[in-house]
Amino acid sequence: KLPLEAVQVVLEELRKQGNLEWLDKNKSSFLIMWKRPEEWGKLIYQWVLKNGLTNSVFTLYELTSGDDTENEEFHGLDESMLLRALQALQQEHKAEIITLDDGRGVKFF
């Protein structure tokens with residue numbers, strides 16, 4: 001068991017590296033991320049480029065649960081993390097999150 005102060009040091013280091021996000025102002029609840037959203041975005045965009053899928057539109061479901069991504073590391077990724085990854089790509093002008101009739105999707109550039 002670690003003393004509370006040691007736990008706080010570890011959590012703060014994870015936050016500095018971008019692998020932890022506090023979910024409340026009291027810092028009592030947090031999300032630990034295996035990969036930062038930017039890293040997930042990079043993996044997704046590499047898949048897009050590798051398969052010649054720029055200028056294509058995908059639903060969020062297709063990206064995380066579709067047959068085409070079955071062997072990709074991001075297959076099965078939680079939707080909230082997927083959205084963060086796509087927002088990172090959107091900031092880099094590599095993608096645009098769009099609203100579709102049956103939910104949300106993304107267009108890659």
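So here's what we get for this one:
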item	result
Per residue accessible area of the chain, 1.4 Å probe, in Å²	68
Amide hydrogen neighbours beyond the local backbone of ALA95, cut-off 5 Å, H modeled	GLN90, PHE109
Listed residues SER56, SER28, SER65 arranged by accessible area, highest first, probe 1.4 Å	SER28, SER65, SER56
Extended-chain gain in nm, criterion 0.36 nm per residue less alpha-carbon gap, ASP68 and ASP101	9.7 nm
Whether the range 37-108 is rounded, prolate or oblate, judged on the alpha carbon gyration tensor where a/c under 1.5 counts as rounded	rounded
Neighbour cut-off at most 13 other Cβ (10 Å), DSSP loop, chymotrypsin sites (Phe, Trp or Tyr not before Pro), the range 23-80	TRP34
Cross-link reach list, lysines versus LYS107, counting only Cα pairs under 24 Å and skipping chain neighbours closer than eight places	LYS35, LYS42, LYS50, LYS94
Under DSSP loop assignment and at most 10 Cβ neighbours within 10 Å, longest trypsin sites (Lys or Arg not before Pro)-free interval of the chain	26-109
Fraction of accessible area attributable to carbon and sulfur, the range 53-109 (%, probe 1.4 Å)	39
Using θ = phi - 60° and Karplus 6.51 cos²θ - 1.76 cosθ + 1.60, couplings along the range 100-109 (whole Hz; Gly, Pro as x)	10, 4, 10, x, 10, x, 8, 10, 9, 10
For the range 4-13, Karplus couplings with θ = phi - 60° (6.51, -1.76, 1.60), whole Hz, Gly/Pro x	3, 4, 5, 4, 5, 5, 4, 5, 5, 5
Amide proton proximity set for LEU20, modelled H, under 5 Å, gap of 5+	ARG15, MET33
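The values are calculated or read from the model by the stated rules, or taken from the named source; none is laboratory data. Quantities reported herein were computed from a predicted structural model and do not represent experimental measurements. Glycine gets a Cβ as well: all are built from the backbone with ideal geometry, and neighbour counts include every protein chain shown. Calculation scope for accessible area: heavy atoms of the full protein, side chains included, ligands and nucleic acids excluded. Shrake-Rupley method; radii C 1.70, N 1.55, O 1.52, S 1.80 Å.
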